[in-house]
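K.L.:
One structure, pasted below without further comment.
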Ligand code: GLY
């Protein structure tokens, strides 16, 4: 990604300046979004009344620590590790509550405890991450071969799986790699295979929610979830699928995951607007023009990861339950040329999205704690265009990817 490095450097400078004071100001919090004055909230403030899946159990709570680990990797400053560990310690209390936890223990503990262990060797962090991975594995439905998403709050969700979970799988892959116990990876791969079969449509668009019969595993229906409607293409879901299948590919080498990521990416490429501003759903009406900068950053991250690997050989030989490259080059020059062109296209699309954010949807000033603006939770939510801590995470991560520095924390 050499040709974009200079631009990435200018954005990294702005990120460093901003995160220095933002991290200091919010060092004891676990933020999700900013208020009307630009100040971060605190999901770990237990004096407030939260729902059971909100507050300390809120699914985005790992991203604040995750941002700090990204900054730690970049700057080497110990203070970022210390701030990340404040949230890590607080989140450990979630294990006591237990009932508030859900499949997003992956989102919560992969960029915090697992990242801490991977980057520093902290044994306490390993214990926390292993605990979280074990809870996640406990949500596996062996007949339907899927990981159950949520707990029953307002309705019966025993058979529900959602596309976002493709990211939670990274905690399972890590747990197998770290413990040498293959069960975590086996469950992750079975879930990914189910998602390939039932979520990803032939044109590369993706369902948000699929309901299975929890007793027989039969697929019952798909739901529109946070997108415009059933059958549409919620953009953040496209991002979870594209980047999520890349994560599964990187951990297993299974060629079908790379192929699926490409199919989802090609759908995105055909629908990304010229100005790089991403709507909440690729199928939404022109008006109101709801945007989702968060989905934009997730898609950009997935495209950059795909661009790095699209040139790889596509000839893999199964090796037991794992898949490994056979090491031989089978490509003709013409095939290699096509792969290079494809990689370039994915990079260009990612950069178009990131430039649109950096130039028009980012606040690098001092009036708002968050960088990325104009995020939306769901198409049909009453509120749109606010900040989300995970948008900042994926924006910062994508810029480091473009620069070619930092270890992937998924
Ligand atoms: N459901 C997770 C998200 O908003 O992306």
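K.L.:
Sort 251, 380 by Cβ crowding within 10 Å, fewest neighbours at the top. Walk me through the numbers before you get to the answer.
P.N.:
On the way: 251 22, 380 14.
So the residues, fewest neighbours to most, are 380, 251.
K.L.:
What are the radius of gyration and Dmax of the stretch 119-184, computed over its Cα atoms and given in Å?
P.N.:
13.4, 42
K.L.:
Which of 118, 143, 280 has the fewest other C-beta atoms within 10 Å, and how do the rest follow up to the most? Could the numbers behind the result be given before it?
P.N.:
Working: 118 20, 143 12, 280 29.
With the sparsest Cβ surroundings first, the list reads 143, 118, 280.
K.L.:
Using the 10 angstrom Cβ neighbour count as an exposure proxy, how do 248, 170, 179 rank, fewest first?
P.N.:
Values: 248 28, 170 24, 179 14.
Fewest-to-most Cβ neighbours within 10 Å comes out as 179, 170, 248.
K.L.:
Nearest 500 deg cm²/dmol is fine: what mean residue ellipticity at 222 nm does the chain get from its DSSP H runs of n ≥ 4 alone, each adding -39,500 (n - 2.57), divided by its residue count? Provide the component values of the computation, followed by the final result.
P.N.:
Values: 14 runs with 202 residues, N = 410.
That calculation yields -16000 deg cm²/dmol at 222 nm.
K.L.:
Based on the alpha-carbon gyration tensor of the stretch 13-115 and its eigenvalue square roots a ≥ b ≥ c, which shape applies: rounded if a/c is under 1.5, prolate if not and a/b is larger than b/c, or oblate?
P.N.:
Numbers: a/c = 2.22, a/b = 1.41, b/c = 1.58.
Judged from the Cα gyration tensor, the stretch 13-115 comes out oblate (a/c at least 1.5, b/c at or above a/b).
K.L.:
Where a ≥ b ≥ c are the square roots of the eigenvalues of the C-alpha gyration tensor, would you call the stretch 130-276 rounded, which needs a/c under 1.5, or, failing that, prolate if a/b is larger than b/c, or oblate?
P.N.:
Details: a/c = 1.92, a/b = 1.21, b/c = 1.58.
Verdict is oblate for the stretch 130-276.
K.L.:
Using only Cα atoms, locate the centre of the stretch 2-30 and the centre of the stretch 235-267, then give the distance between them in Å, rounded to an integer.
P.N.:
27 Å
K.L.:
Could I ask something else about it? Relative contact order for the stretch 63-193 using alpha-carbon pairs under 8 Å, separation at least 6, rounded to a whole percent? Write down the numbers at each step before the final one.
P.N.:
Working: 162 pairs, mean separation 27.2, N = 131.
It rounds to 21 percent for the stretch 63-193.
K.L.:
Does the chain classify as rounded, prolate or oblate by the C-alpha gyration tensor (a ≥ b ≥ c root eigenvalues; a/c under 1.5 gives rounded; else a/b over b/c gives prolate, otherwise oblate)? Please report the intermediate quantities before stating the final value.
P.N.:
Details: a/c = 1.23, a/b = 1.08, b/c = 1.14.
In terms of gyration-tensor shape, rounded.
Read-outs throughout are calculated quantities, based only on the coordinates presented, and are distinct from any laboratory measurement. The structure displayed is predicted, hence computed values, not measured ones. Here the Cβ is made from the backbone with ideal geometry for all residues, glycine too, and neighbour counts use every protein chain on show.
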